[in-house]
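Notes to accompany the following structure.
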Amino acid sequence: MSENPDTITTARAASTGAWRLIAAALCFILCYQAVGFVGGAFASSALPLPNASGAEAQAWYVRNGLSATVSAICQLLSVLCLGLYAAVLRRTGRIDKQARWAYAAVAMMVLSCLLSWAMAAYAGSVSAETLGALRTANFITGGTAHVALLGVFVLLAAKAGGFGKGIRVFAWVAFVPAVASVVSLVVFQGAALILLGRLLCMAWTLVAAIAVARADRR
């Protein structure tokens, strides 16, 4: 008995979508991890912490404009892959309006990248106070706001996507520190939750993509 051509076409399309999902998740993760390596290669010293003085941040950006520019490019490529991931996942029918949270997270990081480029370009011609304000906005948009929105996307996508219990539990594990990272706006030590939440959410996207691929194979 021959197979239905429409069924074969649908199966192939689903398989292609699953592998695109995995590729987008890997690029999302790897491009972000490249920030430290690529940007660090052009830096004369470590980037000052977000709670450093405006003068200290200004001095760094004046000396390390190329490092800041290259790092922002890597971050931009990373979140564009996140946007692609959400679009592909939506195309599979597993999510719908939940993708908007991923797009909002993308928008926050894009704004952060623009601020990085602005600081790299104008660090020597603005006041230390202005540079400090830009640095704070850069930290909030690319850190706290981006990660919190990413956490919400992960949780909602896990709930709507028909994933197994393990994937849904992992989404909660990623969601809690990601959203709790908003405490960094009050207590700087809470910034550790930004890193934790970001890494867990990134890991979730890959695990979920692999789960989609396995389901499509079955």
Exercise. Residues of segment 55-68 being surrounded by fewer than 19 Cβ atoms within 10 Å (Cβ to Cβ) and within 21 Å of Leu111 (Cα to Cα), which ones?
Worked result: Val62, Leu66
Exercise. Only one of these conditions is not met by Gly17: (1) open to solvent by less than 30 Å² (accessible area, probe 1.4 Å); (2) over 23 Å from Thr92 (Cβ atoms); (3) modelled with pLDDT under 90. Which number is it?
Worked result: (2)
For this session: Could you grab me the full set of residues in segment 83-93 that are surrounded by 16 or more Cβ atoms within 10 Å (Cβ to Cβ), touching a residue at least 24 places away in the same chain (Cβ under 8 Å) and over 22 Å from Gly197 (Cβ atoms)?
Result: Val88, Thr92
Exercise. How many residues are open to solvent by 60 Å² or more (accessible area, probe 1.4 Å), without any contact (Cβ under 8 Å) to a residue 24 or more places away in the chain and part of a helix (DSSP H, G or I) when one looks only at segment 184-208?
Worked result: 5
Exercise. Which residue pairs have Cβ atoms under 7 Å apart, sit 6 or more places apart or on different chains, and have a first residue in segment 131-148 that is within 11 Å of Pro50 (Cα to Cα) and a second that is open to solvent by 20 Å² or more (accessible area, probe 1.4 Å) and at pLDDT 95 or above?
Worked result: Leu134/Leu115; Leu134/Ala118; Ala137/Leu115; Asn138/Leu115
Exercise. How about segment 94-111: which of its residues are buried (at least 19 other Cβ atoms within 10 Å of the Cβ) and closer than 23 Å to Gly17 by Cα?
Worked result: Arg94, Ile95, Gln98, Ala99, Trp101, Ala102, Ala105, Val106
Problem set entry | 2 or more residues touching a Cys at 6+ places or on another chain (Cβ under 8 Å): qualifying helices (runs of 4 or more DSSP H) within segment 99-183 | 146-160, 165-180
Exercise. Which residues, taken from segment 28-54, are open to solvent by less than 60 Å² (accessible area, probe 1.4 Å) and in a helix (DSSP H, G or I)?
Worked result: Phe28, Ile29, Cys31, Tyr32, Ala34, Val35, Gly36, Val38, Gly39, Gly40, Gly54
Problem set entry | Failed criterion for Leu80 (all others in (1) over 16 Å from the mean Cα position of the chain (by Cα); (2) open to solvent by 50 Å² or more (accessible area, probe 1.4 Å) hold) | (1)
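The values are calculated or read from the model by the stated rules, or taken from the named source; none is laboratory data. What you are looking at is a predicted structure, and each value in this text was computed from that prediction instead of being measured. Every residue, glycine as well, gets a Cβ built from its backbone with ideal geometry; the counts of neighbours run over all protein chains shown. For accessibility, only protein heavy atoms count, side chains too; no ligands or nucleic acids. Shrake-Rupley method; radii C 1.70, N 1.55, O 1.52, S 1.80 Å.
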